[in-house]
1. If only one of Lys46, Lys53 is among the basic types (Lys, Arg) and farther than 21 Å from Lys92 by Cα, which one is it?
2. Looking at segment 1-32, which of its residues are touching a residue at least 24 places away in the same chain (Cβ under 8 Å) and under 16 Å from Arg87 (Cα atoms)?
3. Could you list all residues from segment 16-34 that are of a type outside the set (A, V, I, L, M) and under 22 Å from Ala47 (Cβ atoms)?
4. Taking into account only those residues within segment 11-32 that are open to solvent by 80 Å² or more (accessible area, probe 1.4 Å) and in contact with an Asp or Glu (Cβ under 9 Å, 6 or more places away or on another chain), which is modelled with the highest pLDDT?
5. For segment 33-50, which positions are part of a loop (DSSP other than H, G, I, E, B), open to solvent by less than 30 Å² (accessible area, probe 1.4 Å) and either without any contact (Cβ under 8 Å) to a residue 40 or more places away in the chain or not aliphatic (A, V, I, L, M) (or both)?
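The values are calculated or read from the model by the stated rules, or taken from the named source; none is laboratory data. From a predicted model like this one, the values you see are computed outputs, not experimental measurements. Methodologically, a virtual Cβ is constructed for each residue, glycine included, from the backbone with ideal geometry; neighbour enumeration extends over all protein chains shown. Calculation scope for accessible area: heavy atoms of the full protein, side chains included, ligands and nucleic acids excluded. Shrake-Rupley method; radii C 1.70, N 1.55, O 1.52, S 1.80 Å.
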Amino acid sequence: MADFMKILQQAQQMQGRLQEMEQELQNKSVTATAGGGMVTVEADGKAQVKRIKIDPSVVNPADVEMLEDLVLVAITEAQRKAGELAREEMGKLSGGLNLPFQLPF
């Protein structure tokens, strides 16, 4: 029975640390660019886009599609980087264990 209580205590500690880690991820940021820096996207560690910066030279009314593509590429890359950051942080929490389930981020 002592082993079960120890496992339960460890699970509660891990849950508390997971909540702390989610808050830390929200406070971290990643940046991605497209078009050689013409479009920059900043997202938090949970992949929520916080800011988009567009160089005025890329704004061409005759080629809106290119601008849309650049924004999409930058957002996708920022979200990918945020996912990597979350996996790195989870690796620290789990001690490198391969968990048999996906975490919510």
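1. Working: Lys46 fails: farther than 21 Å from Lys92 by Cα.
From the options Lys46, Lys53, the qualifying one is Lys53.
2. Here is the first cut: in segment 1-32, the residues touching a residue at least 24 places away in the same chain (Cβ under 8 Å) are 14, 17-18, 21-22, 24-25, 28, 30-32.
Within segment 1-32, Met14, Arg17, Leu18, Met21, Glu22, Glu24, Leu25, Lys28, Val30 qualify.
3. Hits for segment 16-34 are Arg17, Gln19, Glu20, Glu22, Gln23, Glu24, Gln26, Asn27, Lys28, Ser29, Thr31, Thr33.
4. So the residue we want is Asn27.
5. Within segment 33-50, the subset part of a loop (DSSP other than H, G, I, E, B) is 35-38, 45-48.
Restricting the remaining residues to those that are open to solvent by less than 30 Å² (accessible area, probe 1.4 Å) gives 45, 47.
Answer for segment 33-50, where residues must be part of a loop (DSSP other than H, G, I, E, B), open to solvent by less than 30 Å² (accessible area, probe 1.4 Å) and either without any contact (Cβ under 8 Å) to a residue 40 or more places away in the chain or not aliphatic (A, V, I, L, M) (or both): just Gly45.
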